[in-house]
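The structure under discussion appears below in the form of structure tokens.
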């Protein structure tokens with residue numbers, strides 16, 4: 001019992017401390033943030049995603065620039081912009097929508113300046129010193145022979161556009177849509193006959209090509225792990241392929257086929273030594289690709305679409321479309337899983353080299369960026385709008401800068417304070433620190449231990465004993481009550497024909513007392529039956545050596561219901577030589593019966609002695 | 001012998017000395033400013049990022065300045081506070097062309113002002129809004145605003161736009177500083 005009580009007390013104290021702590025935490029959080037708001041441009045008008053932002057030391061002078069591939073309106077005005085500090089210093093127009101931007105060191109020439117690679121459509125556009133340098137197109141895919149024959153016939157005007165459309169439509173039923181050329185897809189969308197004829201004429205002299213579309217681009221270091229070592233470009237395509245392309249000669253070094261369309265590719269290792277690539281695909285699976293085998297293998301199967309995948313050391317961290325945030329080993333075993341409060345929009349890795357830790361930044365739909373170090377939430381950054389793209393790295397001369405492009409097109413730049421501290425434990429989730437604090441609980445005494453042991457060992461027996469005694473007590477109470485009823489020893493009559501109630505009060509201090517008897521007929525009033533109690537007398541039973549009572553017999557009148565009758569009796573205490581006290585019993589008796597109807601025991605007060613004047 | 005000569009020289013002239021701390025973010029031009037203030041024959045030609053700190057001595061308007069030219073790189077900034085105690089004046093250099101890091105400069109300044117050994121003393125602070133020659137550099141007034149200097153009431157301060165490579169604005173600033181030092185320590 002004692003043990004339970006202490007536990008309850010403990011719970012109460014802890015909960016009160018917890019409430020106090022959480023309110024303090026919130027106050028503290030508002031007071032100081034770990035981030036400086038360096039720049040906010042609400043009308044920057046960027047439309048881009050995390051894959052299209054990168055930092056690069058474009059001039060090799062240690063002043064890192066921000067490279068943003070802007071999707072423009074989504075149809076027009078696609079550009080690649082270079083920002084230095086708060087202003088755009090260079091802008092180049094792109095022909096197609098960019099899908100990714102990355103910076104690559106392509107040669108060993110001094111000063112070391114990287115090239116910027118923009119993936120757009122089926123080609124890689126390489127810029128050096130922000131001038132167009134090279135355009136590389138991915139290898140063409142084979143055209144379906146039937147399709148080639150049909151177009152050949154159309155070009156030689158053996159086939160009119162209508163029959164061509166019918167034939168291509170027929171072909172479409174037996175082959176997947178992705179196996180056709182872009183020309184066929186465009187042609188089949190034309191409804192007007194004249195336009196179709198024009199289309200065929202326009203494309204007559206152009207070779208039929210089947211191109212793929214790049215879905216993601218990243219880099220892999222070639223033979224050395226330094227920051228400015230030569231890298232290869234890794235490209236994922238819409239046709240379920242992953243290419244590794246040499247950045248010096250622009251030739252494909254290796255290509256892989258996987259079961260689904262890769263959307264994010266993460267690479268670890270060196271191309272010449274050993275490497276591993278994790279390709280997160282549209283089917284929610286992650287495939288692993290290795291150096292020595294061209295076969296892809298399913299590594300992780302996830303329940304929902306992958307929004308972001310980041311690798312921290314040997315762990316893969318996923319943000320999914322169903323608001324889950326989980327961590328897996330590279331072998332596909334789940335380590336932890338968290339639920340996020342809002343939809344994930346973007347993710348980024350925060351690699352803080354000066355402090356030596358890596359964290360994952362998760363941009364959420366509620367305009368927050370959460371910083372997770374392993375599974376601990378270590379910081380929350382409040383942005384002015386929903387983040388669309390995040391990028392953490394060295395910008396300008398500042399090592400830990402977070403650039404966020406917001407859904408409104410705004411650009412927000414935040415700098416991590418020099419004094420920022422990220423504790424290992426989580427400050428927001430899980431039990432508060434106070435729970436680990438020891439309470440000052442008194443030491444267990446020997447008695448307490450003995451009692452607890454006894455209670456634990458003989459619990460059943462103790463309970464049974466208690467129940468047995470309780471039943472016995474109830475029985476004895478019932479027996480006494482019954483006896484009282486049977487012998488009319490109570491001041492209430494149990495006779496239904498003559499329900500009476502008797503009470504008595506004693507007045508005076510002695511030796512003469514007045515006893516006031518109150519008698520009530522408790523029968524319910526009814527109009528046709530008066531229910532009068534008649535023929536009753538009151539008798540007294542007492543010790544005649546102590547008291548004398550006048551009158552000895554009290555003749556009662558007919559008692560009407562619901563009226564209390566009061567009768568006075570004079571009692572004289574005759575044992576005046578000593579202080580006397582006794583009980584007088586008053587009995588109401590019906591004439592002609594032996595058994596009393598009601599009995600009342602009146603204990604008399606101590607009588608004063610006779611005062612002789 | 002050279003050292004002894006110098007010592008005797010001091011004894012004779014009994015010139016006042018002032019210990020000055022020169023701080024600011026990396027690449028703001030602290031070393032270049034100090035180089036320019038020194039006599040031309042002893043100044044270096046090319047300036048490289050300072051590692052740790054340099055100590056320079058020079059004379060100006062009857063005062064001997066001992067300047068601690070601190071490194072502004074992030075990893076060396078925690079050295080600054082160890083010199084706050086002995087200093088008589090502070091030169092805070094801001095790169096007025098670096099709008100982005102003005103927030104960082106403000107943060108460092110706030111930390112400086114909050115430090116107990118600075119908060120307790122009435123130290124004059126001289127701000128140089130350096131690199132005024134760069135095309136879209138901020139004006140001294142704009143720098144004042146961004147650094148929140150209007151609310152700095154408890155210390156004498158002064159801001160000058162400067163160009164450390166040509167020396168523009170430097171003498172004005174140091175003139176103010178020596179004036180302050182002489183009035184504060186009669």
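For region B:49-186, what is the per residue volume of the convex hull drawn over the alpha-carbon atoms, in cubic angstrom?
In region B:49-186, the Cα convex hull volume per residue is 115 Å³.
Please give the helix B:2-13 orientation as an angle from the longest Cα principal axis of chain B, in degrees from 0 to 90, rounded to the nearest 10.
Compared with the principal axis, the helix lies near 90 degrees.
For the pair residue B:168/residue A:291, report the inter-label distance in nm, with labels modelled 7 Å from Cα in the Cβ direction.
My value for the distance between the label points is 5.7 nm.
If packing is taken as the average number of other Cβ atoms within 10 Å across a peptide's residues, how do B:51-57, A:458-464 rank, most packed first?
Per-residue Cβ counts within 10 Å, averaged per peptide and sorted highest first, yield B:51-57, A:458-464.
Which FRET efficiency value, to the nearest 0.05, do you get for residue A:545 and residue A:467 by plugging their Cβ-Cβ distance into 1/(1 + (r/R0)^6) with R0 = 41 Å?
In this case the efficiency is close to 0.25.
So for region A:145-202, considering every pair of alpha-carbon atoms, how many percent are separated by more than 12 Å?
The calculated P(r) of region A:145-202 puts 64 percent of pairs beyond 12 Å.
Between residue B:155 and residue B:120, what is the spin-label point distance in nm, taking each point 7 Å from the Cα along the Cα→C-beta axis?
1.5
Other chains' Cβ within 10 Å of B:102-108 residues: what's the mean?
Whole-number average of other-chain Cβ neighbours for B:102-108 is 5.
So for region A:45-165, averaging the separation of alpha carbon pairs under 8 Å that are six or more residues apart and normalising by length, what relative contact order in percent results?
17
Label residue A:439 and residue A:458 with points 7 Å out from Cα along Cα→Cβ: what is the distance between them in nm?
3.0
Which stretch or stretches of region A:514-550 have amide N atoms under 17 Å from the point lying 7 Å from residue A:568's Cα along the Cα→Cβ direction?
A:514-519, A:549-550
Report, in deg cm²/dmol and to the nearest 500, the calculated mean residue ellipticity at 222 nm for chain A, where each DSSP H run with n ≥ 4 adds -39500 (n - 2.57) and the sum is divided by the residue count. The partial results should precede the final answer.
Working: 7 runs with 113 residues, N = 613.
For chain A, the value works out to -6000 deg cm²/dmol.
Going by how many other Cβ atoms sit within 10 Å of their own, how do A:335, B:123 line up, fewest first?
Sorted ascending by nearby Cβ count, the order is A:335, B:123.
How big is the shadow of the Cα convex hull of the protein assembly as shown, averaged over all directions, in nm²?
Taking the Cα atoms of the protein assembly as shown, their convex hull projects to 79.3 nm² on average.
Sort the following peptides by mean Cβ neighbour count (other Cβ atoms within 10 Å, averaged over residues), highest first: A:466-473, A:201-208, A:35-42.
Going by the mean number of other Cβ atoms within 10 Å, highest first, we get A:35-42, A:201-208, A:466-473.
What angle, in degrees between 0 and 90 and rounded to the nearest 10, separates the Cα long axis of helix A:446-457 from the longest principal axis of the Cα atoms of chain A?
It is inclined by approximately 90 degrees.
How large is log10 of I(q)/I(0) for region A:500-603 at q = 0.14, 0.15, 0.21 Å⁻¹ when the intensity is taken from the Debye formula with one equal scatterer per alpha-carbon?
-0.57, -0.64, -1.08
Report the paramagnetic label zone for residue A:190: residues of region A:140-157 whose backbone N is under 15 Å from a point 7 Å from Cα along the Cα-to-Cβ axis.
Residues A:151-157 fall inside that zone.
Distance between the C-alpha centers of region A:209-234 and region A:151-179? Whole Å please.
Comparing the Cα centres of region A:209-234 and region A:151-179, I get a distance of 37 Å.
When a/c reaches 1.5 or more, the comparison of a/b and b/c decides; with that in mind, is region A:36-97 rounded, prolate or oblate per its Cα gyration tensor?
Here region A:36-97 falls in the oblate category.
Given the convex hull over the Cα atoms of region B:102-178, what projected area results after averaging over all orientations, in nm²? Before the final figure, lay out the partial values.
Numbers: hull surface 21.4 nm².
The directionally averaged projection comes out at 5.3 nm².
Looking at the protein assembly as shown, send over the antiparallel percent of its DSSP beta bridges, to the nearest 5.
85
Helix A:145-155 sits at what angle to the longest principal axis of chain A, using alpha carbons and giving 0 to 90 degrees rounded to 10?
That works out to roughly 60 degrees.
Sort A:365, A:193 so the one with the fewest other Cβ atoms within 10 Å of its own Cβ comes first.
If I rank by nearby Cβ atoms, fewest first, I get A:193, A:365.
Given the Cα-Cα distance of residue A:203 and residue A:259 and 0.36 nm per residue of separation, how much length would full extension add, in nm?
16.8 nm
Expected output is a single nm value to one decimal: the length gained when fully extending between residue B:73 and residue B:55, i.e. 0.36 nm times separation in residues minus the C-alpha distance. What is it?
Once the chain is fully extended between residue B:73 and residue B:55, it gains 4.8 nm.
How much length is gained if the chain between residue A:250 and residue A:333 is pulled fully straight, taking 0.36 nm per residue apart and subtracting their Cα-Cα distance, in nm to one decimal?
26.2 nm
If you take the square roots of the eigenvalues of the alpha-carbon gyration tensor of region A:247-381 and sort them as a ≥ b ≥ c, do you get rounded (a/c under 1.5), prolate (a/b over b/c) or oblate?
Working: a/c = 2.01, a/b = 1.52, b/c = 1.32.
It comes out prolate by the Cα gyration axes.
Can you say what percent of the DSSP beta bridges in chain B, counting only those with both residues inside, are antiparallel? Round to 5.
Expressed as a percentage, antiparallel bridges in chain B total about 30.
Which order do A:118, A:298 fall in if you start with the one that has the fewest other Cβ atoms within 10 Å?
A:298, A:118
In percent, what relative contact order does region A:500-603 have, based on Cα pairs under 8 Å that are 6 or more apart in sequence?
So the answer I get is 32 percent.
What percent do you get for the relative contact order of chain A when only Cα pairs under 8 Å and 6+ apart count? Please list the in-between numbers first.
On the way: 1253 pairs, mean separation 56.6, N = 613.
Computed value for chain A: 9 percent relative contact order.
Can you give me the Cα centroid spacing of region A:359-391 and region A:438-516 in angstrom?
Here the answer is 68 Å between Cα centres.
Does anything in region A:507-524 have its amide N under 20 Å from the 7 Å Cα→Cβ label point of residue A:485, and if so which residues?
Output list for this probe position: A:522-524.
What order do you get for B:65-77, A:231-243 when each peptide is scored by the mean count of other beta carbon atoms within 10 Å, highest first?
Averaged packing, sorted descending, gives the order A:231-243, B:65-77.
Every number here is computed from the coordinates shown, using simple stated rules; none is lab data. None of the values given here were measured: they were computed from a predicted structure. Positions of Cβ are generated from backbone atoms using ideal geometry, with glycine treated the same way; all protein chains shown enter the neighbour counts.
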